[in-house]
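Contents: one structure, followed by commentary.
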Amino acid sequence: MAQHVAPPSSTPVVPGKLPVGAIAPWAVFFGILMLVLLYFVGAEQGATAVVSGENVHEWVHDARHLLGFPCH
């Protein structure tokens, strides 16, 4: 069984550079989003509650235990 190998390319493929200015807004957005999610999972209950009631606590209850946050 013969194998055919493609001849090497004479010009190397260089990936384009991604400017930091294009990444920075997305990095800030996802950083803020992660901080908000961390707040709701880790601290949204009791005296620091932004949302009244137990609804947020019940929605993120299992995530609290999975991430090691005490909730009761």
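The values are calculated or read from the model by the stated rules, or taken from the named source; none is laboratory data. The model shown is predicted, which means the values in this text are computed figures rather than measured ones. Reconstructed Cβ throughout: ideal geometry from the backbone, glycine too, with neighbour counts over all protein chains shown. Only protein heavy atoms, including side chains, enter the accessible area calculation; ligands, DNA and RNA are left aside. Shrake-Rupley method; radii C 1.70, N 1.55, O 1.52, S 1.80 Å.
Inter-label distance, residue 18 to residue 61: 3.9 nm, where each label sits 7 Å from its Cα along the C-beta direction. Extension gain for residue 34-residue 50 works out to 4.1 nm (0.36 nm per residue, less the C-alpha to C-alpha distance).
Can you give the accessible area per residue of the chain, in Å², using a 1.4 Å probe?
90
As a ratio to 2.2 N^0.38 Å, the alpha-carbon radius of gyration for the range 2-42 is 2.38.
Sorted by accessible area with a 1.4 angstrom probe, largest first, how do 13, 41 fall? Spell out each step's value before the answer.
Numbers: 13 140, 41 25 Å².
From most exposed to least exposed: 13, 41.
Taking Cα atoms only, the orientation of helix 20-42 departs from the longest principal axis of the chain by about 30 degrees.
Overall, the accessible surface of the chain at a probe of 1.4 angstrom is composed of carbon and sulfur to the extent of 71 percent.
Based on a Kirkwood Rh over C-alpha pairs, give the Stokes-Einstein translational diffusion coefficient of the chain at 25 °C and viscosity 0.890 mPa s in µm²/s.
146
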